[in-house]
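In what follows, a structure is listed as structure tokens, so that the remarks can point back to it.
The values are calculated or read from the model by the stated rules, or taken from the named source; none is laboratory data. This is a predicted model, so every value here is computed, not measured. As a convention, Cβ positions derive from the backbone with ideal geometry for all residues, glycine included, and neighbour counts pool all protein chains shown.
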Amino acid sequence: MPKHSLVRARALTLTMALSLLLAACGGNDAGSDEQPAAAGGGEFACGSGESVLSGETVRLVVGTDPGGGYDAYARMIAPFLADELGAEVIVENQPGAGGLSAVNSMIAGEKDGTHIMIMNAPGNISSVLAGVQGASFPVDELSFIGRVANEPYIITGAADGPYTTWDDVVEADDAPKIGSTGLGSEAYINGALVNEIFDLGGEVIAGYDSASEAELGLVSGDIQLFPGNLDSRLQQIEAGDAIGLLSITDKPVDALPDVPAIRDFDLTKEQDELLTAHQTLSMIGRQLIGPPGMDEQALTDLRGAMQCVFEGDELQAAAEEQERPISYLTGEETAELAAKSADAPDVYVKFLQEAYGL
């Protein structure tokens, strides 16, 4: 399929901008000897255990039930972050409304750095863009601490289900039921996206409280498709319960080279613009955030501590052991991505509004 030069130009521009930002911050190679620069011009001392939050209890909130990917990442990061900050970091689960309840609670809470969360940024920010009730927080005013991970999204079907390829999905007489983990979730938006681009005529079901429940729904046949992060979907595929059908990527992912990428298919100009806006939002990924107006020194120390953690060998080893891929970006970098997403094109905003039934 011919690629669109506009998409390549945008992707190249974004990649170059992020590379320059990473270089300015000293890079993100694991085990770097350089200390991360603080926003105020000083340096956060890796390994000192000293910060403005030393001796405090920091609540790291997860907007889902225990056991899912966001919960796993939060619990993997928490002890390392605690060591760098010299604080106690406890993980709290506050499920509800695809994570929006937790976001709104955090925004209304303490601004001293003791109340942060790991946010489903693509799902929650898309809710804001669409104008969903209860999703009115100012995206570009959130305190972005840094990106934890940004795995590709994969659409899976049941191993013994009606589809063996994505062409089967597109050509099927019966419209699929697509599972998701809540109206404000990334799974919901990715499900709605493929439903729109491929004109499947399907129904995106937002009634599952967790990915585990949706996986059971896929196996039982209650739903025919389920979108999810690659690391989580691989577990179900390797267990023999699911098969990969489509990746929401520019090219096939290494782990599933025979599964087509969404850009392997011919797209119209409008579909291309829609997908590009979605991919920009998706790059924000699993993000650590704090409320708007967070104490400046607390934000500086949280960003510094996070960079120390993600450049350290110990977290790298833990991530490999738990098979949780990490892809760190600084808070400043993800804030720029959020600003771009907040200024999304009309075609994407319209798609989101229709997806949310507004």
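Among the conditions (1) within 20 Å of the chain's Cα centre (by Cα); (2) in the same structural domain as residue 208 (by TED's automatic domain parsing), the only one that residue 118 does not satisfy is (2). Summed over region 55-90, the residues that are closer than 30 Å to residue 215 by Cα and either among the hydroxyl-bearing types (Ser, Thr, Tyr) or assigned to a strand (DSSP E or B) (or both) give a count of 8. Counting only helices (runs of 4 or more DSSP H) that fall entirely inside region 259-333 and contain at least 2 residues that are surrounded by fewer than 17 Cβ atoms within 10 Å (Cβ to Cβ) and assigned by TED's automatic domain parsing to the domain that holds residue 115, the qualifying elements are 313-322.
Residue-by-condition table, conditions (1) touching a residue at least 60 places away in the same chain (Cβ under 8 Å); (2) farther than 19 Å from residue 351 by Cα:
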| site | (1), (2) |
| --- | --- |
| 178 | no, no |
| 193 | yes, no |
| 202 | no, no |
| 211 | yes, yes |
| 215 | no, yes |
| 227 | yes, no |
| 233 | yes, yes |
| 236 | yes, yes |
| 241 | yes, yes |
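Filtered by the rule that a residue be of a type in the set (D, E, K, R) and on the phi > 0 side of the Ramachandran plot, region 111-156 gives no residues.
Out of (1) at pLDDT 75 or above; (2) in a helix (DSSP H, G or I), the odd one out for residue 52 is which? With (1) at pLDDT 75 or above; (2) in a helix (DSSP H, G or I) applied to residue 52, the lone miss is (2).
Does region 131-138 contain any residue that is modelled with pLDDT of 90 or more and of a type in the set (A, V, I, L, M, F, W, C)? No: region 131-138 contains no residue that is modelled with pLDDT of 90 or more and of a type in the set (A, V, I, L, M, F, W, C). Return the residue satisfying two criteria in turn: it lies in region 208-231 and is out of contact with any strand residue (DSSP E or B) (no Cβ under 9 Å at 6 or more places or on another chain) and of a type in the set (S, T, N, Q), and of such residues it is surrounded by the most Cβ atoms within 10 Å (Cβ to Cβ). Step by step, filter region 208-231, then rank; the result is 210.
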